[in-house]
Each structure stands twice: as structure tokens, then as C-alpha cells.
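Asks: If you scroll down you'll find the structure; I have some questions about it.
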Amino acid sequence: MSETVTIYLDDRAIEAPKGMNLVDACKLHGVDIPVFCYHPKMEPVGMCRMCLIELGFEQRDRTTGEVVLGEDGKPLVRWFPTLQTACTQVVSEGMHVRTTTEAVRRGRKDIIEFILTSHPLDCPVCDKGGECPLQELTMDFGPGKSRFLYDEKIHLAKRYPLGEQIYLDRERCIQCARCIRYVEEITDDPVLQFYERGRRLQIISTSEPGFDSKFSGNTTDICPVGALTTADFRFGARPWELDSAASICTHCPVGCNLTLNTRLDRDAGGRVIIKRVMPRQNEQVNEIWICDKGRFGHHFTAAPDRITTPLVRKGGKLVEATWSEALELVAGMLKSAGKAVGALAGPTLSNEDLWALRRLVEGQRGARLGVWPPTMTGGDLIAEVGVAQGTNFTDMGKGACIVVVASDLEEEAPIYWHRVKVAADRGATLVVVNGRATKLDRYTRHRVRYHYGDEVATLNGLLRQALGDAAPDIDGFDQLRAALENAPAVDAAAAQAIAGATDLVVIVGGEGLSMAAHGALMQAAANLLVATGHVGRPNNGLLAVWPGANTQGALDMGFTPEDATHIIDNAASFEALIIAGADPADEDPRAAAALQEAGFIVATALFLTPTAELADVVLPRMSFAERDGTFTNGERRVQRFCKAIDRVGESRADWQIFQQVGAALGQGRAMPTPGVVMAQIVERVPWYAGMDYPTLAEVAPQFPMVGGEDLYYGGTMYKNAGGLGRQWAVAAEQASYQARVRVPKAPAAPKPGKGELIVVPVRLLYDQGTEFYKTQLVHRRVPQAYVALNAGDAARLSVREGARVRVRLAGTEVEVAARVRASVPEGVALLPLNLGVGPLPHAASVGTVAVAEAVGA
């Protein structure tokens, strides 16, 4: 909205973007128009009528089009005879608005009085009390005394479960429809709707399970009353009792900004615990939304089975020990191991943890620093052609193109999915390239299907058709030409959409790919961007859907998936292994066997995982909520998170543990705070230059404005006072950058024989991951282990829905339930990871599915 117009707000001339919603335009100029149904992220509907204003337009001569002036030389204004809803108006030249007249005040008072006719008088016990828009607007505009009789109020269900995670108080609902519109417009989960009519109008869920959406918790934030509450916070605390700390979600690479609300809790033995997780606005990352995994998946921090003291193996068993005893043992074993030291870093280690671990290993002249899990690679390509600084999906619409490859984005990084879907709604062209159907297909103009194993060839085909007869003068293109000429023909319309895009972002996942295959796919995606000239400027570049919250940070700190693979393949050659915040024994069949052959193993862990059970020393680590630090999200934005609760037991931050071991080995004095560790990173890692804690804590005005006194406008999500973070620049943004392409070397595709299928491991958002599954509230959303088959394959194999089947792949066998789904490609079996059947390979491979036990047998 670059074009501005002049409107008159309470007789004051202001400039506003043409076409902007009038409520938003007034907000930008410091005039708050009260609303209940309107929300700046959704389309207006004018249902609640709270935003009433006087509205007029300057009269124009029908012949000349000129403004008609009165005797005083001022434009004549033709006013509407009745009050109008501001939310259904968009700014146009010559608009006149009055927001403070007696007629407006009277209209708003009447609306409040009508809303309160059947609203319960339970503010003293309502969860929304203290942050309730209805309370606030009643105080500002309400009559102060009701003319309606208490006995005439409509009484409805007070604790109605829309699902196990969200409860509805039907008496408190004011029928603004924000929740219904959010799940219909934004997330496309139309599972809520109105039922009954008049004063008995109610909201119901139409799905099974109830309120079946991965974003259901967001409706509690935008609900303007206490009608919608989360099951884990309902009657748990009053808002004014809560303390707040800025944090970052640890469940995926998006890096959603959070606010952790904490309070002393009687049921937790008088400890301060997290009472609820709320979105913290960052319009460049998660806007004002979070997914339900991020909202509800925090309960592991208070789990009773946390490791609270160091454990040392004696007589074949892990027994409790003191920190001094454990650290002395670890230092002694690392010293005797010499160079034969390696490290595996998990996805939730902070940058400070990673840096301290790197210094410890390198201080012993060890050379292997692995990032876990080693399923995806291409950090060097991200550093070269990753999405440029200033990239923001909110700015992408008509003319832009987003290509999503090898990813079920809603399951792997829900807020990426959320933002890509909304960008497509605004007019961006979405191209989905995958081996199977996903929910993202609903919004794409171009679906490009491939056989698993042909991912690279498919992207090469898109590039060949996008270029046509053109031959870019780019280093390496002559060598690439042969690969492009041999590429298969693909959707020509998709290729033309890419060729004609003003902006292009390619999002690459890792579904069904080995690390080598993923590296080749990343190179093919980079070639597509470079050859079409879509690198080095905002809203262009490469984005990987990394498997962890700080995988990007680990790559930046010098850890690689290649080193992780080397460590597992050669575990017996390592006299000492440090496994920090990772559980390879529970995630990879090769690792489970290999770690048995390793020498001395020290693990930092929250829980006694299968990997911790193999270790010689287990050191209790702090959770993300118990310490300060930084994560780097998939878009390379370095963001701070802050301590919210006290540590559990004797746990310590990983960076403290590694520095204390290093000090015992004579590697120098341990740093006192994570800020000092970050200062070392800023000094020695070029990408992080200038990213000290004060810089990362800087904030700037954002729109829409939320978290202020006007909670009726945006909702109860938090204004960002903890820092917006900083994004480091890629090589393509530098003036000295020389564009180049390379020939991607993809491994051979799996070729199933007679009676065999291609078994593709897939990721689910709701799984039995060690931390997430500690939240009892989500257990109904986590499926039992299953394999999904095409109906034709199921019939050929005599497999019925629900039958117990044995799946064999890559030397691993598991028994799971069968699901028969038309969306599964023929010849393919989809096998979800982390559903409690033990470690599984992550790459697609040839396998078999056979009936183990039929239902009812």
C-alpha cells in the first residue's frame, strides 16, 4: 500500500495508505476504535457493531468530478444518515470520520448493553479477568447499570469441551465469530460453526476428534472474552499474578517468539512453573501466532522424571554422584582419549552451548563435531544463497512464487505452512513438488509429483523448462547443461510461473531423503534460484526445513551432519564421545548399535533416554526455560531467549558444563555468563559480528499493534519487548558475489522388486518425542504407530484397515497398524517416525509390508 490518500479524522487531516481498513488507519494515527469481531489479520464482517462511527464523503460535481465547496470555502460533506461500522470501510480520498460525537458514544453504549444482556456476572472467577476486552470496553463505553433482569439471562453450558485442549464457556461467548473465521480463513480447518439461533446461538465443533486443528490455541488469544480457554490454564492463575519472560520455541526451525507466563504453584511443591505459553509478536517470524505443539509442549520442564543430579556408571549401573566427582571423571577420560574425541550436538543446544562444546573438543585436538540428527545437509548453500536479509512472507503476494519441495510443511514446521498458505491467499503462486499429496496442495496452482528418488531430476526439469533456450552466463552452467538436458519433462506451467516470478523462495525439506540425497536436492534448488536470478535480495533465496530448533546455529558453529555420520560409522575408533542434548540411540538403528562399540560416553540430558542409559556419565542439563541463550532459526535470524523458571535439582546449562570440563583440562577459565560466551562468538564467527545481547534485544514498532491497553484490537498475545533478533547476510548479498551453479550428484533411486514397496519415513507434528510426549494433554492427538498404504497395494497384500502388519526396511523390522489411504501413491508405504516402535531409518528404502495379525484374529 504505497499510495496514500487524505482523510479527515475528527476534523483532523491525516495521510493513510489507500485501501487500508479504516480501523487500522485510525490506529496508526493514535485513534482507537473499539472492536469485538474485527481483527487486523482477518477479513472484516461487521458483526458486533461496536466500531460505530459517523461517516461522510466529500461531494463531487458529477460533471467535472471536482470537490464541491461551501460558502466558507470548505468541501461539502455528505454524511450517512445512520452510524456506520468502521471495520467494513476502507480508506479513500475525501473520507470524513467522526469517532467522538454523542451519537457515536450512545451507539457504542447500546451495543455494550445488548452484549451484556446474557453475559454471566462471573468476572471475579473468569480466566480472562484482568486482560478482558469486554471488561475494558464496558468500563469505557458501557452504561454502568443494566436495564435487563438477571432472571431473563440465557443459561448455557459453562464447561463445554470443543476438544480436549480447548474449553468453551457458552454463556460468555458474544458470537463475534473470531474463532470460526480464524479456522476457516487463516488455517483452513473449518471445524467450528454456529449452532441454534438468536440468544441461544452457540459454537460447536464438527470434527472428530473435537476442534481438530494444529492451531486451536490461537483462538483463545483472539477471543475477546473468557469464552475460550486452554485446558492446561483454565482456572490455573489470574493474569495479574503471572510473571513473564521472553523465549523461543524449541520444537521446529521456525523460531517462534514466545512469552512464558510463570507463577508459584502449590501442586508443584511451591516451585515456580510455566503456567501458560503465549505468542510474542514478531512479524518477520511467527507474526502473532504459534502452533499447538509450541503452546502445549512445555510440560516436560516440570516432569517428575527429570534427571536432577549427575550419574556415574559404577559396577555396570548408573548411580548418583556429585558434580565435582562427575566433572573430574569426565576431564580425566577426555585427557586420556587425546585426539580420539568426538561430539554429537542435539537440536535444542543454544549457540552458547555449541560454542563451548566446540572449544572443549578442539581444545583436545578433536576434529569431529556432529549435529544430530544427520538427515539434512547444505549449510554451505544456505550461507551462499539463503533467503536474503529482510525476507518476510508477509510481504509476498501477487508476482511472488514459493516452491516447496520434499516437505509436509504443516507437520514439520507449522508456522511456515501457516505463512505460506496466507501468502498464497494474497496471490503468491505456490508450487508444491512432492512425492505425495499434502494439505498444502489445496492452495497450490501447480502440483508437481515425482517418484521417490527422482527429486533432483524433477527440479532439474523445472529449471530446464524455466530457462527455455536461454543459457545464463554463470560459472559452472556449461557443466550443468548436460544434467538439465537429461532431466524429465515436468509441469510446463509450473516452470513458467517460476520463470516469470518477481520474487522466488524455494523451501526444501528432507522427506524420504538420505543425507547425500538431501545435499544433492539442496544443490538443485540453489541452481534453480541462481540460474533464474533470484538470490541476494529480500524475498528471494533458499530455505531449509531443518529437523531442529537450532540446527542452523549448529551449522554456523562448525558442526556438520557429515561429522555425525562419521562418528556413528566409526564409533569404535572414538575413545570418548560427548553426546549433548541428543538421543541417537532412540532415533537411528545404526546409532543404537554403534554406540555400544564406542569408548567412554558422556551425555547431557533432561531425561534418562536410551542414549543416556548407554553413557558412562550422565550430566543433568537445564531446559530452555531455566537459562538464557540464543537460537538461530531456519531463516538465520539469531534470537534471544531468557530464563523463566529456576533450575530443576542440580542441573546446569550445557555451556557451563563444557566450560567447567575445559577449565579442569587447563583450557582456560570458565566464562561466568552466556553473554560473555556470546561475545566470543561475535568476535570469532564472522556471520555473527555485531550480534551481542543488547543488539539482539532491540525492538521496533510493528503492525498490527498488539499487547497494549487495547486488547480488543489484536488479542492477548504479547508485544515484543524481548528483542526481534538479527538475521545474518548470505554471500549472494555481497557486491563481490560471483554466481555459480554446480552439478548435483544424487544417489541412485530405490528400485523395488516384486512384492516390495518404497517405504518412506515421514515426520508428524504430534509424536512420541521424549520432551513433547511428557504433555499428557496431547496424547489423544498422537496416533498409535502405523503404516499408510495405497488401496491398490493394500488389496494386493491382503491388508485391511487396522490390521497388524510387519514392515521391513533397511535391516529394521517393526510391527504397526495398517491404514489404507487413497492419498498414498501406489507402490509407496508411509511410515511415521517417533511413534514408540524404536529407532527407524530416515531415508526412503526398498522394503516389505506383510500381515502380522488381522483385527479380531
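The values are calculated or read from the model by the stated rules, or taken from the named source; none is laboratory data. Remember, predicted model here, so these are calculated numbers, not experimental data. Don't worry about glycine lacking a Cβ; one is built from the backbone with ideal geometry, like all the others, and counts go over all protein chains shown. The area values use the complete protein model at the heavy-atom level, side chains included, leaving out ligands, DNA and RNA. Shrake-Rupley method; radii C 1.70, N 1.55, O 1.52, S 1.80 Å.
Asks: Give the accessible surface of the chain per residue, rounded to a whole number of Å², with probe radius 1.4 Å and ligands, DNA and RNA excluded. List each step's numbers first, then the result.
Replies: Values: 32930 Å² over 857 residues.
Dividing the accessible area of the chain by its residue count gives 38 Å².
Asks: May I ask you to derive the relative contact order of the stretch 379-544, considering only C-alpha pairs under 8 Å and at least 6 residues apart, and to give it as an integer percent?
Replies: Result for the stretch 379-544 is 35 percent.
Asks: Set the Förster radius R0 to 56 Å, insert the Cβ-Cβ distance between Glu562 and Phe235 as r into 1/(1 + (r/R0)^6), and round the FRET efficiency to 0.05. Before the final figure, lay out the partial values.
Replies: Working: r = 51 Å, r/R0 = 0.91.
Calculated transfer efficiency: 0.65.
Asks: What number results when the radius of gyration of the stretch 10-84, computed over Cα atoms, is divided by 2.2 N^0.38 Å?
Replies: On the way: Rg = 14.9 Å, N = 75, 2.2 N^0.38 = 11.3 Å.
Output field value: 1.31.
Asks: To continue, here is another question. About the Cα centre of the stretch 721-857, how large is the charge dipole given +1 on each Lys and Arg Cβ and -1 on each Asp and Glu Cβ? Please answer in debye to the nearest 20. Don't jump to the answer; show the numbers that get you there.
Replies: Working: 17 positive and 10 negative charges, 47 e Å.
Charge dipole of the stretch 721-857: 220 debye, to the nearest 20.
Asks: Same structure again: Given Cα pairs under 8 Å that are at least 6 residues apart, what percent is the relative contact order of the chain?
Replies: Working: 1948 pairs, mean separation 112.7, N = 857.
Here the relative contact order equals 13 percent.
Asks: Cβ neighbours within 10 Å, averaged per peptide: list 429-440, 578-589 in order, most packed at the top. Display every interim value, and only then the final one.
Replies: Working: 429-440: 22.6, 578-589: 24.5.
Ranking the peptides 429-440, 578-589 by packing returns 578-589, 429-440.
Asks: Where the centroid of each part is defined by its Cα atoms, how far is the stretch 438-460 from the stretch 134-152 in Å?
Replies: Taking the Cα centre of the stretch 134-152 as reference, the centre of the stretch 438-460 is 56 Å away.
Asks: What's the Kirkwood radius of the stretch 81-149 in Å, using all Cα pairs?
Replies: Numbers: mean 1/r = 0.0705 Å⁻¹.
For the stretch 81-149, inverting the mean 1/r across all distinct Cα pairs yields 14.2 Å.
Asks: Could you point to the residue in Ile166, Gln202, Ser213 farthest towards the positive end of the stretch 159-218's charge dipole, with +1 and -1 charges on the Cβ of Lys/Arg and Asp/Glu respectively?
Replies: Farthest towards the positive end: Gln202.
Asks: List the extent of the Cα atoms of the stretch 634-743 along each of their three principal axes, largest first, rounded to whole Å.
Replies: The principal-axis extents, from largest down, are 57, 52, 28 Å.
Asks: At a 1.4 Å probe radius, carbon and sulfur cover how many percent of the accessible area of the chain?
Replies: Details: 16370 of 32930 Å².
Carbon and sulfur together cover 50 percent of it.
Asks: How many Å³ per residue does the convex hull of the Cα positions in the chain occupy?
Replies: Working: hull volume 170.7 nm³, N = 857.
Cα convex hull per residue, to the nearest whole number: 199 Å³.
Asks: Could you calculate the FRET efficiency of Leu201 with Glu131 from 1/(1 + (r/R0)^6), where r is the beta carbon distance between them and R0 is 22 Å, rounded to 0.05?
Replies: Numbers: r = 25 Å, r/R0 = 1.13.
According to the calculation, E is roughly 0.35.
Asks: Still on this structure, please answer the following. With each pseudo-label sitting 7 Å past Cα toward Cβ, what's the Glu320-Thr6 distance in nm, one decimal?
Replies: 7.7 nm
Asks: Over what distance in Å are the Cα centres of the stretch 762-800 and the stretch 685-734 separated?
Replies: The distance from the Cα centre of the stretch 762-800 to that of the stretch 685-734 comes to 37 Å.
Asks: Another question, then. Answer with one residue from Gln659, Leu349, Tyr182: the one whose Cα lies farthest towards the positive end of the charge dipole of the chain, charges on Cβ with Lys, Arg +1 and Asp, Glu -1.
Replies: Tyr182
Asks: How large, in Å, is the stretch 757-855 by the Kirkwood hydrodynamic radius built from its alpha-carbon pairs? Mind dumping the intermediate values first?
Replies: Working: mean 1/r = 0.0733 Å⁻¹.
Evaluated over the stretch 757-855, this radius sits at 13.6 Å.
Asks: Let me ask another. Stretched out fully, how many nm does the piece from Lys74 to Asp469 gain, at 0.36 nm a residue minus the Cα gap? Can you show the working numbers first?
Replies: Values: separation 395, 0.36 × 395 = 142.20 nm, distance 6.18 nm.
136.0 nm is the gain from fully extending Lys74 to Asp469.
Asks: Using the crude model of +1 on Lys and Arg Cβ and -1 on Asp and Glu Cβ, and no other charge, please compute the dipole size for the stretch 168-302 relative to its Cα centre, in debye to 20. Walk me through the numbers on the way to the answer.
Replies: Values: 18 positive and 18 negative charges, 98 e Å.
Here the stretch 168-302 has a charge dipole of around 460 debye.
Asks: Kindly provide the trypsin sites (Lys or Arg not before Pro) of the stretch 706-791 that DSSP labels as loop, not H, G, I, E or B, and whose Cβ sees at most 11 other Cβ atoms within 10 Å.
Replies: Numbers: sites: Lys719, Arg726, Arg740, Arg742, Lys745, Lys754, Arg763, Lys774, Arg780, Arg781; in loops: Lys719, Arg742, Lys745, Lys754, Arg763.
Answer by residue number: Lys754.
Asks: Under a point-charge model restricted to the Cβ atoms of Lys and Arg (+1) and Asp and Glu (-1), what is the dipole moment magnitude of the chain relative to its Cα centre, in debye to the nearest 20?
Replies: Working: 90 positive and 102 negative charges, 220 e Å.
The calculated dipole for the chain is roughly 1060 debye.
Asks: Going by average Cβ density within 10 Å per residue, which order do the peptides 365-373, 182-190, 626-634, 260-268 take, highest to lowest?
Replies: Values: 365-373: 22.3, 182-190: 18.8, 626-634: 25.2, 260-268: 16.1.
Listed from highest to lowest mean packing, they are 626-634, 365-373, 182-190, 260-268.
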